[in-house]
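One structure is given here, and the rest of the page talks about it.
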Amino acid sequence: MGTQESLHTSNDTEAIPDTDSSALAPETVPSTPKPSEPLTTSYTYHSPTPTSEGPYILGVDEAGRGPVLGPLVYGVAYCPASYKEQLEKLGFADSKTLTHEIRSSLLQTLQSDPTNLAWSVRVICPQDISSGMLKRPPINLNQQSQDATVSLIKNVLDKGIQLSEVYVDALGPPAKYEAYLSKKFPGIQFTVESKADDTYKIVGAASVAAKVTRDACLEGWTFEEVGYKAPDVELGSGYPSDPKTQTWLRSCLEPTFGFPKVVRFSWTTVKVLLEKEGHPVQWMDEGQASLKKAFESAQGLDKDRCRLTKELGIRSIATL
């Protein structure tokens, strides 16, 4: 069996994926939460560690950067460098170009040879995505994605797997990201390219692992809100441009409390809906000029202090 561990840790535009119902049932995908268990925290799943002699090659890809609903999933797949020829024949490719049925079959293929093939996913829940993006200072989606990639590679190395080559689907400028990863993991040859999942089969395998996991998480979603009943409206793909998803968002909006936590509340689509259709909020300091002035009087003490100490309210003992 694989292992699952909990680790706490700009939207891209993508084509709306197909919604063929022939995918594996969520409960048969080992990298998803247990049935009826809500996804409330981010976690990492690892398949069994392969035993073939290295060195190994590894691919990295993601699923779910653009959607307004559900988790962002980063996946890695790895196999011995000597296994490349067999890997070419297994049918892995960019998961967005494949049907649900083919993706499900390929995940089973990925699990069929545990001596040579292995995979891991980092599932970043919607709450963590939004909390990171809205905190001060913010942790944007690119940084969260980079952290997920680094942690997955580190996890594989910690298992005693010798990596010689790593192929990554580009996140931002390829050359800059490639230089960052090469410095982070000296001794490993990194290749960072756009559309790497089309070019390298090992990245296609990672793409399949990430996409099947995300789809199963969303299909089998258990709402953590006690007593909440989701609207009887089709969820759609989860992408902001999908009319079905837009209708679902409008249907589930509660004017005072907003949306259930499957929704990424840091997304512009959600902010606009809340501003238009949610109840307005008046904060206690609105219209309280004297109260604001009282707090502003202390701002001189913050001169030349770093942003972190200001945000956390850290004070020197000498000033107390």
How do Leu181, Leu274 stack up against each other in accessible area, from largest to smallest, with a 1.4 angstrom probe?
Leu274, Leu181
Could you check the spin-label model distance between Lys183 and Glu254? Points 7 Å from the Cα along Cα→Cβ, value in nm.
4.7 nm
Rg/Rh ratio calculated on Cα atoms of segment 43-220 (Kirkwood radius)
0.95
Taking the Cβ-Cβ separation of Thr247 and Glu224 as r and a Förster radius of 30 Å, what is the calculated FRET efficiency to the nearest 0.05?
0.85
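Can you put Trp221, Trp283, Trp119 in order of accessible area, largest first, using a 1.4 Å probe?
Working: Trp221 45, Trp283 165, Trp119 0 Å².
Solvent-accessible surface, decreasing: Trp283, Trp221, Trp119.
When the solvent-accessible surface of protein heavy atoms is calculated with a 1.4 angstrom probe, in what order do Ser120, Ser36 fall, highest first?
Ser36, Ser120
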Relative packing of peptides 62-70, 149-157 - highest average C-beta neighbours within 10 Å first:
62-70, 149-157
Show log10 I(q)/I(0) for segment 160-243 at q = 0.12, 0.24 Å⁻¹, two decimals, from a solvent-free Debye sum over equal Cα scatterers.
-0.58, -1.19
May I ask you to evaluate 6.51 cos²θ - 1.76 cosθ + 1.60, the Karplus curve with θ = phi - 60°, for each residue of segment 183-197 and list the ³J(HN,Hα) values in order in whole Hz, giving x for glycine and proline?
6, 5, 10, x, x, 10, 7, 9, 10, 10, 9, 5, 6, 4, 5
Quick one: 3J(HN,Hα) in Hz for segment 208-221, Karplus 6.51/-1.76/1.60 with θ = phi - 60°, rounded, Gly and Pro as x.
5, 4, 5, 5, 5, 5, 4, 4, 5, 4, 6, 5, x, 4
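May I ask for the percentage of alpha-carbon pairs in segment 225-279 that lie more than 16 Å from each other? Present the calculation step by step, with values, prior to reporting the outcome.
Working: 537 of 1485 pairs.
It works out to 36 percent of all Cα pairs.
Run the numbers on segment 225-279 and let me know its relative contact order in percent, using alpha-carbon pairs under 8 Å that are six or more apart. Each step should come with its number before you reach the end.
Details: 45 pairs, mean separation 15.1, N = 55.
So the answer I get is 28 percent.
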Of Lys89/Lys211; Lys176/Lys271; Lys34/Lys89; Lys211/Lys276; Lys84/Lys159, those spanning more than 26 Å from alpha-carbon to alpha-carbon
Lys176/Lys271; Lys34/Lys89; Lys211/Lys276
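The values are calculated or read from the model by the stated rules, or taken from the named source; none is laboratory data. From a predicted model like this one, the values you see are computed outputs, not experimental measurements. All Cβ positions, even for glycine, are placed from backbone atoms using ideal geometry, and neighbour counts span all protein chains on display. In case anyone asks, the SASA skips ligands and DNA or RNA and just uses the protein heavy atoms, side chains included. Shrake-Rupley method; radii C 1.70, N 1.55, O 1.52, S 1.80 Å.
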